[in-house]
Every structure is written in structure tokens, then in C-alpha cells.
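Undergrad: The following block contains the structure, expressed as C-alpha cells.
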Amino acid sequence: MAGFDRDTRARDLARMADAAVDMLVIGGGITGAGVAREAALRGLVVALVEARDFASGTSSRSSKLIHGGLRYREQGEIALVREAATERRALRRIAPHRTRVMPMLVPVYGRTTAGVYKLRVGLTLFDKLAAVAGPERHKILSRAEVIAAEPGILADRLQGAAVYPEYVTDDARLVLDTLKAAHHAGAMLANYARVTSFGAPAKRRTVEIRDEESGATLTIRPTVIVNAAGPWVDRIFALDLPSRPTSLQLTKGIHLVFRAADLPARHCVVMRARDGRPLFAVPRGAYVYVGTTDTLYEGPLEEPTVTPADAAYLLESVARSFPATSLTPHSAIGAWAGLRPLIREEGKSPSEISRKDEITVSGNGLITIAGGKLTTYRRMAERVLVAARPLLGTVQAEVDTAELPIAGGDLGPANDLAAFAAALGREHAGIPVPTIERLVDTYGSDAREVLETAGSATALAPFTADVPLSPADVRYAVRHEMARTLTDVLERRSRISYFATASATTIAPLVVEVIAEELGWDTRRREAELASFARDAHARLAWRDAQERAA
Ligand code: FAD
């Protein structure tokens, strides 16, 4: 669909300053993207600004699981179980390309089969509470069945396992597709546009925004302001009421990536850390990623890093759960660290703090949404729109956003990726089938636009054999996905820098040339982009060297 293009940012920034904006959303992570989509579909004049790139905060650094809510049942949060389960089904309808089914395997260890029985009871209750459909209900495997299904798993004292379908997403691309959908519904959007101050409270309060590319300042006068700044919500609060106490407790979670050959997990396997916390090993094509940690965090918000202690915690758990593997720090080929913006609950440990979201409306009319999950972002957005009603003075259209596909999710009546890929393959007989499948896998129904951008099979040939990224992907990212920097392309439009940092570094000089052609960069800009990308890539795996020196 046209419109979300290279000129959108400049055009929308200019429009925001002129328009009578009903709602300004601060933050282009999944929370802000969801609110912008919801508001635009309900007919509001909505603008969203993001200080850096879309999804550059927590929303590109999660475990990428669309949870059914099982964990909340264990914590007794029944309302959250129901909400997560309902939203998971809604996401499957509106984003079939961002909800890949992956079997989750929960092994049970002990001297007797009592643990298997307990798990069976818990899951049966969960299936009922969450109204899980027949084919998605859990199954119990015997010890022999588990060993056959997941041969590398620790066999000592293994009693059996439960298996049930989990959904895996691409978090940054989920944000992007939600933003595209918001834009198609009329939302004005700008990345690299930072809110710097608020004017005095009034019917239409002024908000100063700095264009981080040009340094120019613009002023918007929205009726309602939504603070969806994730780990930064307290900073936006401080612009509103400097004396307000902080509301967030940040915790850090890291993930490490390994080659599938080095950690051959076939399912999304639940492992237990030394402190009993559940960890996941999640297969993703040629890679398996492992996570996550949950530690209190008070450092800089922009680029949290993996420490040797974080990595050691995960490596030790993998070694225990998959005894035949011999992973070392240098087996990790990618990594990321993210911050959970949790609502502060004094006296609780990081894992005990609830994941539920909270909406507050300040005396000055600033609506803040904090906490929450990727999984429930659409429902969170609905609640923000309800909170905004008394402040808006405008009637919102009645729209069921749980039925309208996000960008890339319009697969036709069958709503089936394989059928869509087969039909697209027939339309583009000159393009190899694996290429079509890769494009549909990455872009869903927007694969059609990528093929139009490419124009030929040659433009779709990957830069190198081990990396599924071609010049056509890069051109598409710049022309139709608002990528503004080399890092935007390699970290969030494609996820290569997170999953295979060395490969991303190898192709970076080729990628920068394609972006330079699209955006007219000179040599100095190209060098600056490469240097900035190299710094980020180095920081991502710097813990490996530190760990080796300490050993
Ligand atoms: P963010 O994504 O951080 O977005 C906030 C944005 O606001 C940022 O991009 C920031 O740049 C911008 N901003 C800040 N200040 C300004 C300003 N002044 N002007 C303009 N913009 C500004 N959830 C799941 O459902 N499933 C999972 O598997 C899962 N795993 C997780 C694993 C980890 C390790 C972590 C940390 C979280 C996980 N979550 C998961 C939770 C989920 O990722 C978060 O709840 C969600 O991404 C938060 O999104 P957000 O939009 O609120 O914040």
C-alpha cells in the first residue's frame, strides 16, 4: 500500500505542526504504535513521534513470544490469562505473518512422575480458562517420546514433558507493520523526532519537538498527549510534573544467539536456570536464541549491554539442559539486551513484579501507559482510547480493531502464508520459489511491494550466501519503511545485526552503498554510518572478550 514512503517523515512533521491534532503519541515502540493505529482507525487526527528509530527501545529486544498467558496462571493473575489468550487469537487473525506457531516443550524432571501429573492438571486448567481451541491444547509426552522429539535434552531424571503451540514474532517488524497500518488509516508519523518540552497546561497544550536530523524545532498543539515512552515514561512525566516520584522499576533481560548446529533445539524448550527461573531456547531458522535474565537495572536507558555475568547465567543453564553441547562465550554469534518498563512494586524481586499495564491521567491531562507486553498491545491501546474519551471532546468511531489486519497481514480469505506464497510465486514465475518464500516470511502480504521495488531477480540476490538480505530489501526499507540509517536497516528492518553480528559487519559496506544511492549520502556520511554501526556491533559482543580475559 502506498504512502509509508521515503518522504513521509518530512511531510508528516510539517503536517503535524499545521494540523489540529486530536492526539499526540510520544514513543514509537509497540505501545505507541498500537495507540496510533487504534486512534487513527477510530477517526482521530493522530500524530506519533519517536526520538530515535521506531522500535529502537524495548520493542526490538524482547523474547519475541506471543504468550498465551500460562505464566500468569502460575502467578494467579487470572484476568491476565484471559486477556493474553484472547489477544493471542486476535493477533493471529490480524497479523498471521507475525505469529508463527512453534511448539513449546516443557520437560519435567524428578524421581517420580508426580511433576508430570501436576503439570497436566495445571495445563488442563489453563486450556479451560484461556478457552484454548482443540488443536492448540497441550499434549503430554512420555520420557521416551521426549527423548525422540528433542534428542539433545538432559535425560537424567527426565519423567516426561508437555507440548503446546506458542507463537513467535519479530518484535521490531510487528511495530513497523502496526505503524504502517496506523499511517494507512491517516496517522502522521516521524522517527528521529524527540519531545523536548511541554508548554503550560491549557485546552490545547503546546509540545516542542526537535527534529533530530535537522536540529529544527516544531510546536504541536494536541488536544490529548499520550506518554508511551516505555523505559522513558518517567522522563516524560518529569516534563509534565517535575516533582512527581518515579513510577517505573526497570529490569534488564538479555538474549544470546547461537548457530542451530551448535545448539540443536527443535522446539521452543523451557530450561530451568540455577535459581529455578524458566528460560527459553527458541529456534529461528539457522539460529537458536536463548533468554532471558531479569535483573534490577539503573544504568543508561539508550543501549543497555550484556555483561559477562548475564551471559554466564544463560550459558550455564544451556549446558545443564543440553549436556551434549559445549558452548563457550565465543559460540555466541549475536546478542541483545532490553529493559522491561515495569510498574514499581516495593519489596518484590524482579520476577515477582507484575507484567500488567497501568494507565494514569495526570492533573494536567497527560495520559501515561506503562508496563504491559507485546502480546496485549492492541488491548492496551483500546484502554488508552477509553481513558482519552473525556479529554477529547470528539466522538470516536466504533471500530473492531481485532478484526482489521495490520500491514502485511492481508493474506486473502484463506489467511494462510503458504497459500499466499504459492499464489505470489505463480504471479512471479521468474523469481525462485525460495526467494518468494523468504519474502513472504519477512514481509507477509507486503512481499508484493518488495517484488515491485526489486523489479528483477538479480536485485533480490542476497549480499552473501549466509545472510538473507538483498539490495532490494535495503531499497524497500529506505523507500517504504522509513529506515534513515545503516543501523535502522541492519538492526530493525532486517534483524541480522542482532542474530549474526559478524555477518552484518561483513555486508555493512555493501549495504551502506545502496542506502547512499537512495538518500544521496556523500563519502563522509557513509563513513560516519559505518563507524556508528561498528560501535554498536562491537558493544553487542564486547562481553565475550571480557569473559575470556576473566577466565
Ligand atoms: P519501547 O519499545 O521502549 O518504546 C518506547 C519508545 O519511546 C522508545 O522507542 C523511545 O525511543 C521513545 N521515546 C523515549 N523518549 C522519547 C521522547 N522524548 N520523544 C519521543 N520518543 C521518545 N513481551 C511479550 O509479549 N512477549 C515476550 O516474549 C516478551 N519478552 C520480553 C523480554 C525482555 C528481555 C524484555 C525487556 C521485554 C519483553 N517483553 C515481552 C515485554 C515487551 O517487549 C515490552 O512490554 C514492550 O516492548 C514495551 O514497549 P513500549 O512501546 O512500551 O516501550
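Undergrad: Kindly indicate which of ILE30, ILE26, ILE94 is within 29 Å of GLU518 (Cα to Cα) and in contact with a Ser or Thr (Cβ under 9 Å, 6 or more places away or on another chain).
TA: ILE30 is the lone residue from the list that is within 29 Å of GLU518 (Cα to Cα) and in contact with a Ser or Thr (Cβ under 9 Å, 6 or more places away or on another chain).
Each row is one residue, and each column tells you yes or no for (1) crowded, with 23+ Cβ neighbours inside 10 Å; (2) at positive phi; (3) of a type in the set (Gly, Ala, Ser).
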position: LEU490; (1), (2), (3): yes, no, no
position: ARG493; (1), (2), (3): yes, no, no
position: ILE496; (1), (2), (3): yes, no, no
position: ALA508; (1), (2), (3): no, no, yes
position: VAL514; (1), (2), (3): no, no, no
position: GLY520; (1), (2), (3): no, yes, yes
position: THR523; (1), (2), (3): no, no, no
position: ALA528; (1), (2), (3): no, no, yes
position: ALA542; (1), (2), (3): no, no, yes
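Undergrad: Tally the residues that are over 15 Å from SER497 (Cβ atoms) and either among the hydroxyl-bearing types (Ser, Thr, Tyr) or in contact (Cβ under 8 Å) with a residue 12 or more places away in the chain (or both), restricting the search to the range 518-534.
TA: Residues flagged as over 15 Å from SER497 (Cβ atoms) and either among the hydroxyl-bearing types (Ser, Thr, Tyr) or in contact (Cβ under 8 Å) with a residue 12 or more places away in the chain (or both) within the range 518-534 amount to 4.
Undergrad: Sort out which residues of the range 274-305 are under 23 Å from TYR72 (Cβ atoms) and surrounded by fewer than 18 Cβ atoms within 10 Å (Cβ to Cβ), and write them in order of number.
TA: Matches in the range 274-305: ASP275, GLY276, ARG277, PRO278, THR295, LEU296.
Undergrad: Out of (1) part of a strand (DSSP E or B); (2) farther than 30 Å from ILE367 by Cβ; (3) not acidic (Asp, Glu), the odd one out for THR305 is which?
TA: (1)
Undergrad: Related question: Could you tell me which numbered condition VAL25 fails, if it satisfies all but one of (1) farther than 18 Å from ASN191 by Cα; (2) touching a helix residue (DSSP H, G or I) at 6+ places or on another chain (Cβ under 9 Å); (3) of a type outside the set (D, E, K, R)?
TA: (1)
Undergrad: Does any residue of the range 66-73 turn out to be under 18 Å from LYS356 (Cβ atoms), hydrophobic (A, V, I, L, M, F, W, C), assigned to a helix (DSSP H, G or I) and more than 17 Å from the chain's Cα centre (by Cα)?
TA: yes
Undergrad: Follow-up question, since we're still on this one. From the list PRO308, PRO329, PRO350, which one is within 12 Å of the ligand (Cβ to nearest atom), on the phi < 0 side of the Ramachandran plot, surrounded by 18 or more Cβ atoms within 10 Å (Cβ to Cβ) and of a type outside the set (A, V, I, L, M)?
TA: PRO350
Conditions (1) of a type outside the set (D, E, K, R); (2) farther than 26 Å from LEU314 by Cβ; (3) in a helix (DSSP H, G or I), marked per residue:
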position: ARG492; (1), (2), (3): no, no, yes
position: ALA516; (1), (2), (3): yes, yes, yes
position: ALA528; (1), (2), (3): yes, yes, yes
position: ALA537; (1), (2), (3): yes, no, yes
position: ALA546; (1), (2), (3): yes, no, yes
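Undergrad: In addition: Give me the residue from the range 447-489 that is of a type in the set (Asp, Glu) and touching a helix residue (DSSP H, G or I) at 6+ places or on another chain (Cβ under 8 Å) and, out of that set, modelled with the lowest pLDDT.
TA: ASP466
Undergrad: Could you pull out every one of the helices (runs of 4 or more DSSP H) wholly within the range 395-475 that has 1 or more residues that are farther than 24 Å from VAL511 by Cα and among the charged types (D, E, K, R)?
TA: So the answer is 417-427.
Undergrad: Further question: Can you name every one of the strands (runs of 3 or more DSSP E) wholly within the range 183-288 that holds 3 or more residues which are touching a Pro at 6+ places or on another chain (Cβ under 6 Å) and within 12 Å of the ligand (Cβ to nearest atom)?
TA: The qualifying strands (runs of 3 or more DSSP E) are 248-259.
Undergrad: Then there is this: Run ALA465 past the list (1) within 26 Å of ASP7 (Cα to Cα); (2) out of contact with any Asp or Glu (no Cβ under 9 Å at 6 or more places or on another chain); (3) not β-branched (Val, Ile, Thr) and report the number of the one that doesn't hold.
TA: Unmet condition: (1).
Conditions tested, residue by residue: (1) of a type outside the set (Ser, Thr, Tyr); (2) under 20 Å from THR375 (Cβ atoms); (3) touching a residue at least 24 places away in the same chain (Cβ under 8 Å); (4) assigned to a loop (DSSP other than H, G, I, E, B).
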position: ARG9; (1), (2), (3), (4): yes, no, yes, no
position: GLY32; (1), (2), (3), (4): yes, yes, yes, no
position: VAL35; (1), (2), (3), (4): yes, yes, yes, no
position: GLU38; (1), (2), (3), (4): yes, yes, yes, no
position: ALA51; (1), (2), (3), (4): yes, no, yes, yes
position: SER62; (1), (2), (3), (4): no, yes, yes, yes
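Undergrad: For the range 147-162, give me each residue that is surrounded by 21 or more Cβ atoms within 10 Å (Cβ to Cβ) and either on the phi < 0 side of the Ramachandran plot or in a loop (DSSP other than H, G, I, E, B) (or both).
TA: GLU150, ILE153, ALA161, ALA162
Residue by residue, here is whether (1) surrounded by 17 or more Cβ atoms within 10 Å (Cβ to Cβ); (2) part of a strand (DSSP E or B) holds:
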residue: ARG88; (1), (2): yes, no
residue: LEU91; (1), (2): yes, no
residue: MET104; (1), (2): yes, yes
residue: PRO107; (1), (2): yes, yes
residue: TYR117; (1), (2): no, no
residue: LEU125; (1), (2): no, no
residue: GLU145; (1), (2): no, no
residue: ARG173; (1), (2): yes, no
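The values are calculated or read from the model by the stated rules, or taken from the named source; none is laboratory data. Everything numeric here is computed off the predicted structure, so don't read it as measured data. No Cβ is skipped: glycine too gets one built from the backbone with ideal geometry, and neighbour counts run over all protein chains shown.
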